[in-house]
Amino acid sequence: MKKILLTILFIAISSKLLACSCGIVPLMDRIPKSDFIATAKIIKISPDKENQDLHDIQIEIIDLYKGQATGNLKIYSALNSSCAFFTPENSEWLIFASKNKNGDLSFGYCSGAKRIDRKFDSDRYPHAEKNYKKSIELKLQVLEYLKKSEIQTLNEFGLRTSFSSGCLKNFKGYEVKTDRFALYELTFESDLSISEVKALKEFDNDNLKTDLLNCVRESVKVYTRKKETEILNRTKIIIGLYYYASERGNESFIGQFDL
């Protein structure tokens, strides 16, 4: 009976998710905001006894990328919300969780969680599963690299970046053989000017390296959530760029988003 109720709840929530909209947050912006990042298997789900908008979940960590190991998290699962979220038992997820006002690690629909073992109807969506897996693999590669390299991604002022010119459009048709991502450390002065750009990891194409570094140095635009023109002190953040191979007649390109 319990499994039937959970299944009904999952289906009900899934139908509501269609009305929920979340902003696209690049991986390198999401990592600093998360207190816990891991791949994990959902072992058990139960309603939170004190908050009807939450469920308690018991997890088994597969790989831990940030934070302290734990076996318990909370998910935002309010049925009266279009952004309600649910993780079925025995499913596997990439989880980004943050501490709520009570200090509990929790996550929801807009937290960036991705189901690792998600399946698609190959007849209706012939390329969906392949593309989805490639997106998950890209995120995991970045997280694994940061972990092994012991690189901390801090962003104390919540800075966001974009490219003010179309310089990324110039990087089409290149070939990258190994990792699909490059990482750059940007140093910002208190007036939000860029004083230094350092390549932490570059693509394995020498023809890309110098021009791409110049593109980052000359074209990155930074802004804060409240559109301030100054911050309290010098700070550093890390941004990522991602390579997408040629496919179905389209040229390869470099993009800002880990899609």
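Report the normalised scattering of the stretch 50-204 as log10 I(q)/I(0) at q = 0.09, 0.10, 0.15, 0.21 Å⁻¹, calculated by the Debye formula with identical scatterers on the alpha carbons.
With one equal scatterer per Cα and no solvent, log10 I(q)/I(0) is -0.43, -0.54, -1.11, -1.44.
Can you list residues whose amide H is under 5 Å from Ile116's amide H, if they're 5+ apart or on another chain and H is modeled 1.01 Å from N?
Counting only residues 5 or more places away or on other chains, the set is Glu92, Trp93, Leu94.
When the accessible area of the stretch 152-259 is split by element with a 1.4 Å probe, what percent falls to carbon and sulfur?
43
Residue by residue through the stretch 35-47, which ³J(HN,Hα) values in whole Hz follow from phi under the Karplus form 6.51 cos²θ - 1.76 cosθ + 1.60 (θ = phi - 60°), with glycine and proline marked x?
Those phi angles translate into 8, 8, 9, 6, 9, 7, 9, 7, 8, 8, 10, 8, x Hz.
Taking a 1.4 Å probe, which of Lys221, Lys147 shows the most accessible area, and what order do the others take after it?
I get Lys221, Lys147, largest accessible area first.
For the chain, just give the cysteines left without a disulfide-compatible partner, judged by no other Cys Cβ under 4.7 Å.
When partners are defined as cysteine Cβ atoms under 4.7 Å apart, the chain leaves no cysteine without one.
Give, in nm to one decimal, the length gained when the segment between Ser246 and Lys209 is fully stretched (0.36 nm per residue of separation minus the Cα-Cα distance).
11.4 nm is the gain from fully extending Ser246 to Lys209.
Under 16 Å Cα to Cα from Lys172, which aspartates and glutamates show up? Leave out anything in the same chain fewer than 8 places away.
The reachable aspartates and glutamates, counting only those whose Cα sits under 16 Å from Lys172, are Asp204, Asp206, Asp211, Glu247, Glu251.
Of all the C-alpha pairs in the chain, what % are more than 30 Å from each other?
Value for the chain: 36 percent of Cα pairs lie more than 30 Å apart.
Share of the stretch 81-143's accessible area from carbon and sulfur, percent, 1.4 Å?
Exposed carbon and sulfur together represent 44 percent of the surface.
Starting from the Cα of Lys99, move 7 Å in the Cα-to-Cβ direction to define the label point; list residues of the stretch 50-86 whose amide nitrogen is under 13 Å from there.
The answer is 67-68.
Among DSSP beta bridges lying fully in the chain, give the percent that are antiparallel, nearest 5.
95
Counting alpha carbon pairs within less than 8 Å and at least 6 residues apart, what relative contact order, in whole percent, applies to the chain?
The normalised contact order for the chain reaches 17 percent.
Using Cα springs under 10 Å in a Gaussian network model of the chain, which residue among Ser111, Ser98, Ser246 shows the largest mean-square fluctuation?
Among Ser111, Ser98, Ser246, the largest GNM mean-square fluctuation belongs to Ser246.
Could you go through the stretch 67-75 in sequence order and give the Karplus-derived ³J(HN,Hα) for each residue, using 6.51 cos²θ - 1.76 cosθ + 1.60 with θ = phi - 60°, rounded to whole Hz, and x for Gly and Pro?
So the Karplus estimates, Gly and Pro as x, are x, 8, 4, 8, x, 9, 9, 10, 10 Hz.
Mind checking the per residue accessible area of the chain for me, 1.4 Å probe, whole number of Å²?
With all protein chains present, the chain gives 58 Å² per residue.
Taking the alpha-carbon centroid of each part, what is the distance from the stretch 168-204 to the stretch 238-259 in angstrom?
Value for the Cα centre distance between the two parts: 13 Å.
Dipole of the stretch 157-259, Cα-centred, from +1 at each Lys and Arg C-beta and -1 at each Asp and Glu C-beta, to the nearest 20 debye?
340
Label points 7 Å out from Cα along the Cβ direction at Ser149 and Lys169: separation in nm?
A separation of 2.9 nm, rounded to one decimal place.
Could you please state, rounded to a whole Å, how far the C-alpha centre of the stretch 120-158 is from the C-alpha centre of the stretch 44-70?
The two parts, judged by their Cα centres, are 21 Å apart.
Using r as the Cβ-Cβ distance of Tyr223 and Asp121, and R0 as 41 Å, what FRET efficiency do you calculate, to the nearest 0.05?
0.55
The values are calculated or read from the model by the stated rules, or taken from the named source; none is laboratory data. Quick caveat: nothing in here was measured; it's all calculated off a predicted structure. Don't worry about glycine lacking a Cβ; one is built from the backbone with ideal geometry, like all the others, and counts go over all protein chains shown. For the accessible areas, the whole protein counts, side chains as well, though only heavy atoms, and no ligand, DNA or RNA atoms are used. Shrake-Rupley method; radii C 1.70, N 1.55, O 1.52, S 1.80 Å.
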